[in-house]
Amino acid sequence: MGVLTLACFSSLVGSKSLDFTLKLAKTAADKGHTVNLWLSSNGTMIGKAHQKHLKDYSHAEKPVRELLEKGVQICECEACALARGIQKPEAIEGVQWNAMHWYLAKIYSSDRVLHVGGE
Amino acid sequence: MADIKLAFVIQRPPYKSETSTLGFTHAISYQVVEMLLEDGQNVIPTVCLVGEGVLNLIKDQKAMENYGVTSVESHGKNSLLVDLDMLVCKEDMERFGLAEDRLLDAEDMGADKKLQIVPYAEIQKVLEDSNHLLFF
């Protein structure tokens, strides 16, 4: 089994890139791969708890919790989150907060890296 | 384990989105990555500016005056200050009519590194030699 590190910089709402990234993470984890997920820029909104699942909008809280249960390491950029008004107490439990070197360190040990850019 | 080479390919223009800034800041973070690695492990980054990405390097940006934010220019200068190799596509500079003297340097900050304006073929070699490519 391999180690896959994903990064996503797109927002939860307004783009399907984050949905795609979560589904890819789940698929890889289900196959037994080790998966790391780095969230930066608008991608950090994924880590906020108490998202309301309106049918017209993408919803990530449930899949994020499922990924965490599968052992996927999820980390978001603390500065990006704070700049968007997301405070740590509001974050989904289990989502790590760190800086960009976390991503580079995970890349170091990865067999594959998929970097899903922002807008 | 061997060193891991990462190419940060910045292709987006400044200010239209946050993307190019994040390219610089992620590359700069190599400075502290050793905190999370074992002894002997190393990340070697190279920043490659291609396409509209070369516009990030124009000097005398007025981002603080206009937008109230740190300029992309300052991120570029900080990248040189922390000894990042920064390759700038010569053909794309010509396409935008940019002469070398329009681009930033970080001599005033004491940086030893300078921008390296090179043909795209040289950037291609770096990409092929890298373990992972990160597009911004």
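None of the figures in this text is laboratory data; all of them are computed from the coordinates on show. Remember, it's a predicted structure, so these values are computed and weren't measured experimentally. Cβ sites come from the backbone with ideal geometry, for glycine too, and all protein chains shown count toward neighbours.
A:I74's amide H: which non-local residues (gap 5+, or another chain) put their own amide H closer than 5 Å, with H modeled 1.01 Å from N in plane and none for Pro or chain starts? Under 5 Å from the amide H of A:I74 lie the amide H atoms of A:L37, A:Q96, each far enough along the sequence or on another chain. For segment A:68-75, the Karplus equation 6.51 cos²θ - 1.76 cosθ + 1.60, evaluated at θ = phi - 60°, returns couplings of 4, 5, 7, x, 5, 8, 10, 9 Hz by residue, with Gly and Pro reported as x. With a simple spin-label model that places each label point 7 Å from the Cα along the Cα-to-Cβ direction, the separation between B:N131 and B:A2 comes to 0.9 nm. Could you grab the relative contact order for chain A? Cα pairs under 8 Å, six or more apart, rounded to a whole percent. Relative contact order of chain A: 37 percent.
Mean residue ellipticity at 222 nm, helices only, chain A: -9000 deg cm²/dmol; runs of at least 4 DSSP H residues each add -39,500 (n - 2.57), and the sum is divided by the number of residues.
Note on B:K59: lysines with a C-alpha under 25 Å away, same-chain residues under 8 apart excluded, are B:K16, B:K77, B:K90, B:K113, B:K114.
Shown for segment B:53-105 is the translational diffusion coefficient from the Stokes-Einstein equation, using the Kirkwood radius over Cα pairs, a temperature of 4 °C and a viscosity of 1.567 mPa s: 110 µm²/s. Counting Cβ atoms of other protein chains within 10 Å of each residue's Cβ and taking the mean over peptide A:106-116 gives 4.
Estimate the FRET efficiency between A:T27 and A:H50 by the formula 1/(1 + (r/R0)^6), using the beta-carbon distance for r and 30 Å for R0, to the nearest 0.05. Here the calculated transfer efficiency is 0.65. Shape summary: the protein assembly as shown maps onto an equivalent ellipsoid whose semi-axes, from the alpha-carbon gyration tensor, are 32, 21, 16 Å in decreasing order. P(r) for chain B, from all Cα pairs and a bin width of 5 Å, is 2, 11, 20, 24, 21, 13, 6, 3, 1, 0 %, short bins first.
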